[in-house]
Amino acid sequence: MRGTTVDGPGFRTSLYLAGCDHRCPGCHNPSSWDRYAGTPMTIDEIIDIVREEDFDVTLSGGDPLLNPESTARLVAALKGDGRNVWIFTGFRWEDIVEVPSLLAAVREADVVVDGPFIEALKDPDLLFRGSSNQRLIDVAQTLENNRIVLYGH
């Protein structure tokens, strides 16, 4: 989605990656659950679109951490291009840090919005997330302090 303002601060290019095993009831994008849906693209093709739009980037889905190695390469390329990168995932931070490939995928991102969408906790007034269990985690500060630091705090 090009030029969105709901997936992070400012105008952003949101990249919806295919595949999600969380399958949260009430998900806003269940068509992304199929890992074979969508259009295969190279990182160079994605970077070309991002440069054309000239916005920061949000990775959503599906779940970008379903394929952590590809996500790590994409995040590195986006950061190398000077982009602020947010990642939405159904995994909780506490689980991400226990799996080296998941941690590698998010390490260079600016913010991780973690946790599954829980329909009973849905709140349309929340900033950049769908349910109140989800957190906006400042990745660099969290890794530096070895404790969760929320974005904007």
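Taking all Cα pairs closer than 8 Å and separated by 6 or more residues, the relative contact order of the chain comes to 19 percent.
Net charge near Val85: determine it from the other residues with C-beta under 15 Å of the C-beta of Val85, scoring Lys and Arg +1 and Asp and Glu -1. Neighbourhood net charge equals -3.
Within the shell of other residues whose beta carbon sits under 14 angstrom from the beta carbon of Asp123, the net charge comes to +1, with Lys and Arg scored +1 and Asp and Glu -1.
At a 1.4 Å probe, what is the % contribution of carbon and sulfur to the accessible area of the chain?
Details: 4220 of 8160 Å².
Of the solvent-accessible surface of the chain, carbon and sulfur hold 52 percent.
Overall, the anisotropy analysis places segment 39-101 in the prolate class: the square-rooted eigenvalues a ≥ b ≥ c of its C-alpha gyration tensor yield a/c not less than 1.5, with a/b exceeding b/c. Might you tell me the accessible area per residue for the chain, computed with a 1.4 Å probe and given in Å²? Result: 53 Å² of accessible area for each residue. Farthest toward the dipole's positive end in segment 18-153, which of Asn133, Leu103, His28, given Cβ charges of +1 (Lys, Arg) and -1 (Asp, Glu) about the Cα centre? Farthest towards the positive pole: Asn133.
Taking a ≥ b ≥ c as the square roots of the eigenvalues of the Cα gyration tensor of the chain, is the shape rounded (a/c under 1.5), prolate (a/b larger than b/c) or oblate? Rounded, because the longest to shortest axis ratio a/c is under 1.5. Centre-to-centre separation between the Cα atoms of segment 39-106 and those of segment 136-153: 18 Å. In a simple Cβ point-charge model (Lys, Arg +1; Asp, Glu -1; nothing else charged), the chain has a dipole of about 200 debye relative to its Cα centre. In the chain, the DSSP beta bridges split such that about 35 percent are antiparallel, to the nearest 5.
Peptide packing for 91-103, 71-83 was compared via the average number of neighbouring C-beta atoms within 10 Å per residue; ordered from the highest value, the list is 71-83, 91-103. Amide H to amide H distances under 5 Å link Gly61 with Leu17, where only residues 5 or more positions off or on other chains count and H is placed in the peptide plane.
Estimate the FRET efficiency between Arg73 and Asp123 by the formula 1/(1 + (r/R0)^6), using the beta-carbon distance for r and 25 Å for R0, to the nearest 0.05. It comes out at approximately 0.15.
The values are calculated or read from the model by the stated rules, or taken from the named source; none is laboratory data. Because the structure is predicted, anything quoted here is derived from the model rather than measured. Positions of Cβ are generated from backbone atoms using ideal geometry, with glycine treated the same way; all protein chains shown enter the neighbour counts. For the accessible areas, the whole protein counts, side chains as well, though only heavy atoms, and no ligand, DNA or RNA atoms are used. Shrake-Rupley method; radii C 1.70, N 1.55, O 1.52, S 1.80 Å.
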